[in-house]
Amino acid sequence: MKNEDKKINASLKLLVKTSVIVFIGVILSKAFTYLYKVIIARQFGPEIYGVFSLATVILSFFITISFLGLSEGLLRYISIYRGKKEIIKIRYLIKISTTILIFSSFLSMILLFALSDFISINIFHNEELSIFLKIFSVLVPISIISGIFLSLIKAYEKISAYSFIVNIFQNVIRTLLLIIFIFIGFKSEAIIWSYFLSILLIAIMAYIFSKKYISEAFGAVVLKNYQRKEVISSLIGYSWPIIFLGAIGSIFLWIDSLIIGYFKNVGDVGFYNAAFTIISLFGIAPELFMQLFFPLITKEFSRKKTNLIKEVSKQVNKWIFVLNLPLFIIIFLFPGAVINLLFGQEYIVAEKALRVLSVGG
């Protein structure tokens, strides 16, 4: 029992130690994410901010569908095979997943590009949205390829690197590019290209890091046919229900913005997303722990240490609740002040929406 307690404490200490590293990344990430959105909202107004918000929602939906649930499957089975030291299976997993996802992502890219005019004019009644969607469609395969390497980095518990690439580098470079493009004289194109280039750069960075520091995951694959079938069967069997989970999750997450865009206008989407962006602050606490939490418990699950998983899960839940409670109280009691501070007086019409969203958050 004492040995079990020591393992639980060791796992919790690892989560806390990692969360400190991630904390720095998350704080910088949120700071630059908010700065990026605040610049767009203040510089271009609610309508362009609404167009950008809708474009990212639609892009996210296409990316989620294109992933076929394999990002979660990769994270799970790379962690399991690491625990069992079956490196050859990890190599095959990366190879077969990349082949499948390249095909699905290019199909989605073509579909989004072809439907961009219809979505923009017939559904959201805004022609400017079309150019956003056409350029963003190229981001579908880029994001998918990036996601493969980021899942690999996370599964290998390289959390500092993952946090730097996703939380710090992506958001810092995106904000800097936006400021540079605005300074040069770009208009709404500054938003499009700053967003596009930041995603392209993290894909390149994730690839370079994976090849250099997780080289064992790449190389010759020597597996018998029945072993290949076993790997594919496990991956697909676990991943395919997540396609529906991801699609439904995306719909639930963004249905409010989509409905506002359909029945109202993109300006109202901009106002609402100012409130919604503030609510994403509740994601900081889970993000501190979850980047390591999932690969950690998956690895322990492969070793059948269910009691350790149970105790670590309970403690992490408590930490998340305690960290989020003060934030909820501030936003619920003073929604107008929070909106005015971040987005300005023009967006204060979203005050009531922010109060309601804070409860959901």
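Does region 90-125 hold any residues that are surrounded by 15 or more Cβ atoms within 10 Å (Cβ to Cβ) and touching a Pro at 6+ places or on another chain (Cβ under 6 Å), and which are they? Correct list: Ser105, Met109.
Looking across region 254-279, the residues that are without any contact (Cβ under 8 Å) to a residue 40 or more places away in the chain and surrounded by fewer than 20 Cβ atoms within 10 Å (Cβ to Cβ) come down to Ile255, Asp256, Ile259, Phe263, Lys264. Screening Phe62, Phe113, Phe118, Phe103 for residues that are free of Cβ contacts under 8 Å to residues at least 12 places away in the same chain, among the hydrophobic types (A, V, I, L, M, F, W, C), outside any loop (DSSP other than H, G, I, E, B) and under 29 Å from Thr277 (Cα atoms) leaves exactly one candidate, Phe118.
Do you know which of the residues in region 126-136 that are surrounded by fewer than 19 Cβ atoms within 10 Å (Cβ to Cβ) and hydrophobic (A, V, I, L, M, F, W, C) is nearest to Val266 (Cα to Cα)? Among them, the one singled out is Ile131.
Within region 137-188, if we keep just the residues that are open to solvent by 30 Å² or more (accessible area, probe 1.4 Å), basic (Lys, Arg) and over 16 Å from Glu72 (Cβ atoms), the residue that is nearest to the chain's Cα centre (by Cα) turns out to be Lys158. Residues of region 280-296 that are modelled with pLDDT of 75 or more and under 18 Å from Leu74 (Cβ atoms): none at all. Please verify whether Glu72 is without any contact (Cβ under 8 Å) to a residue 12 or more places away in the chain, touching a helix residue (DSSP H, G or I) at 6+ places or on another chain (Cβ under 9 Å) and open to solvent by 10 Å² or more (accessible area, probe 1.4 Å), treating the condition exactly as stated. Here the answer is no, as Glu72 does not meet what is asked.
The residues on offer are Val57, Val51, and the sole one that is in a helix (DSSP H, G or I), surrounded by 23 or more Cβ atoms within 10 Å (Cβ to Cβ) and either on the phi < 0 side of the Ramachandran plot or in contact with a helix residue (DSSP H, G or I) (Cβ under 9 Å, 6 or more places away or on another chain) (or both) is Val51. Reported count of residues in region 189-212, each being within 16 Å of the chain's Cα centre (by Cα), free of Cβ contacts under 8 Å to residues at least 60 places away in the same chain and open to solvent by less than 40 Å² (accessible area, probe 1.4 Å), is 2. Restricting Val38, Val20 to residues that are in contact with a Phe, Trp or Tyr (Cβ under 9 Å, 6 or more places away or on another chain), modelled with pLDDT under 90 and either assigned to a helix (DSSP H, G or I) or open to solvent by 50 Å² or more (accessible area, probe 1.4 Å) (or both) narrows the list to Val38.
The values are calculated or read from the model by the stated rules, or taken from the named source; none is laboratory data. Note that the coordinates shown come from a computational prediction; the quantities given were computed from them, not determined experimentally. Quick reminder, even Gly has a Cβ in these numbers, built from the backbone with ideal geometry, and neighbours come from all protein chains shown. Ligands, DNA and RNA are stripped out before the accessible areas are found, and what is left, the full protein with its side chains, is counted by its heavy atoms. Shrake-Rupley method; radii C 1.70, N 1.55, O 1.52, S 1.80 Å.
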